[in-house]
Amino acid sequence: MKTYAILGAGGSFGIHTAFYLLDHAAPKKVIGVGRNPLRPEPFSLNIEKRKNFSYHAYHITYELDSVLELLDREKPQVIINYAAQGEGAVSWKKSWRFFETNSMALARLAEELATRDYLERFIQIGTSELYGSVDFAAKETTPLQPTSPYAASKAAFDWYLVSVHKYQKFPMNIIRPSNAYCPGQLLHRVIPKTVMCGLTGKKLPLQGGGRAEKSYIHARDLARAIHLVSEKAPLGAIYNAGPKDPTSIRRVVELTAQALGVPFEQICEISGDRLGQDSRYWLDSSAIKKDVGWEPQISWEAGLKEMVDWGRKYLDSLRDWPMDYVLRA
């Protein structure tokens, strides 16, 4: 029985990973670490009530000593890192904050963890944005072409991990997933925002008409990829994790409108493209399928039904929740 630690566990993907490990990995314990106390039930999904789970509010950038004291006390064999300053669209301003967390803080953490003999595997959750806009399915060996300060800061830590694994045998893997979605996701993301617009009669601003194409997976599929990599992957391996084909944002909104039973034209209005908008994120995920047997299992129909059910269940709580991203330390 292993102990798992999830950094960035207050976010929706970390929460779904904790649920998946508790349900499928037979863990001794799952420890969550996030910069804030857990959000209300519509976002935490009551993960704090699960047996063998504990949550601790520490900021990895400013309270690294407290994070390390916790890890040294619990001695997790597997550490999964979601902790990051996210949202590439806003990283053009105060871009140093993205490097502060996504590069510097994580390098400090990894250097400390390299001296801990309890650590068997560190799994970094990267991003498909590292490859930039592509007209082919990017492989793990495709040259990185980050097109935002956020993506550049994520690339820096990936390269750091590659180097310390190669020369110092740091026990790491990197997973670069496509865009994930799930119940509990904050409302500035396109799918939960579309759900809330459909349920409240608000208009979704569809940037650039939704022409950009991205690859999407349910967060539970991502959690399964993490578990399989933690059990089966060779150390040092980097894996893309996404569907076979990308989907235009317009089509994602159309599918969400169908799940809601609301006409597409009623939900959205066209707005201008955001700065640095890549036209297509597209991943070749054949390596993770070959090595550990992973491929996405949750269909658009099933995943979007979960999103709509979640929105309806918590509508009274979510109605006044902010739909814009707020940059914080």
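The values are calculated or read from the model by the stated rules, or taken from the named source; none is laboratory data. Not measured: the values here are computed from a predicted model. Glycine also receives a Cβ, built like all others from the backbone with ideal geometry; neighbour counts cover every protein chain displayed. Ligands, DNA and RNA are excluded from the accessible area calculation, which covers all protein heavy atoms including side chains. Shrake-Rupley method; radii C 1.70, N 1.55, O 1.52, S 1.80 Å.
Over region 217-270, with the other protein chains present, what is the accessible area per residue in square angstrom, probe 1.4 angstrom?
So region 217-270 comes to 40 Å² accessible per residue, rounded to a whole number.
Pick out, from Ala84, Ala233, Gly303, the residue whose Cα sits farthest towards the positive end of the charge dipole of the chain, with +1 on the Cβ of Lys and Arg and -1 on the Cβ of Asp and Glu.
Result: Gly303, furthest along the dipole toward the positive end.
Cα centroid distance between region 42-71 and region 192-230, in Å?
Region 42-71 and region 192-230 have Cα centres separated by 25 Å.
Order these peptides, 177-185, 25-33, by their mean beta-carbon neighbour count within 10 angstrom, highest first.
177-185, 25-33
Considering the options Phe170, Gly201, Leu130, tell which one lies farthest towards the positive end of the dipole of region 120-229, charges being +1 on Lys and Arg and -1 on Asp and Glu at the Cβ, about the Cα centre.
Result: Gly201, furthest along the dipole toward the positive end.
Do any trypsin sites (Lys or Arg not before Pro) in region 63-142 lie in a DSSP loop with no more than 10 other beta carbon atoms within 10 Å, and if so, which?
Passing both the DSSP loop test and the Cβ count: Lys93.
Just read off the accessible area of Phe99 with the full protein assembly in place, 1.4 Å probe, to the nearest 10 Å².
The accessible area of Phe99 comes to roughly 70 Å².
Write down the accessible area per residue of region 125-178 in Å², having rolled a 1.4 Å probe over the full set of protein chains.
Working: 2170 Å² over 54 residues.
Heavy-atom SASA per residue in region 125-178 reads 40 Å².
Out of the total accessible area of the chain (probe 1.4 Å, heavy atoms of protein only), what percent is carbon and sulfur?
For the chain, the apolar C and S fraction of the accessible surface comes to 51 percent.
Whenever you get a sec, line up Thr3, Thr147 from highest to lowest accessible area (probe 1.4 Å, protein heavy atoms).
The residues order as Thr147, Thr3, largest area first.
So for region 77-173, averaging the separation of alpha carbon pairs under 8 Å that are six or more residues apart and normalising by length, what relative contact order in percent results? The partial results should precede the final answer.
Working: 111 pairs, mean separation 36.4, N = 97.
Over region 77-173, the number comes to 37 percent.
In units of 2.2 N^0.38 Å, what is the alpha-carbon radius of gyration of the chain?
Normalised Rg, Cα atoms only: 0.95.
What is the packing order of peptides 190-197, 251-258, taking the mean over residues of other C-beta atoms within 10 Å and listing the highest first?
In decreasing order of mean packing, 190-197, 251-258 become 190-197, 251-258.
Rounded to the nearest 10 degrees, what's the angle between the helix 300-313 long axis and the longest principal axis of the chain, both from Cα atoms, 0 to 90?
It is inclined by approximately 80 degrees.
Running a GNM on the chain with Cα contacts under 10 Å, which residue among Gly242, Gly126, Gly86 ends up with the highest mean-square fluctuation?
Judging by the Gaussian network model, the answer is Gly86.
Report relative contact order for region 150-278 in percent, whole number only (criteria: Cα-Cα under 8 Å, sequence separation at least 6).
About 36 percent, as a whole number.
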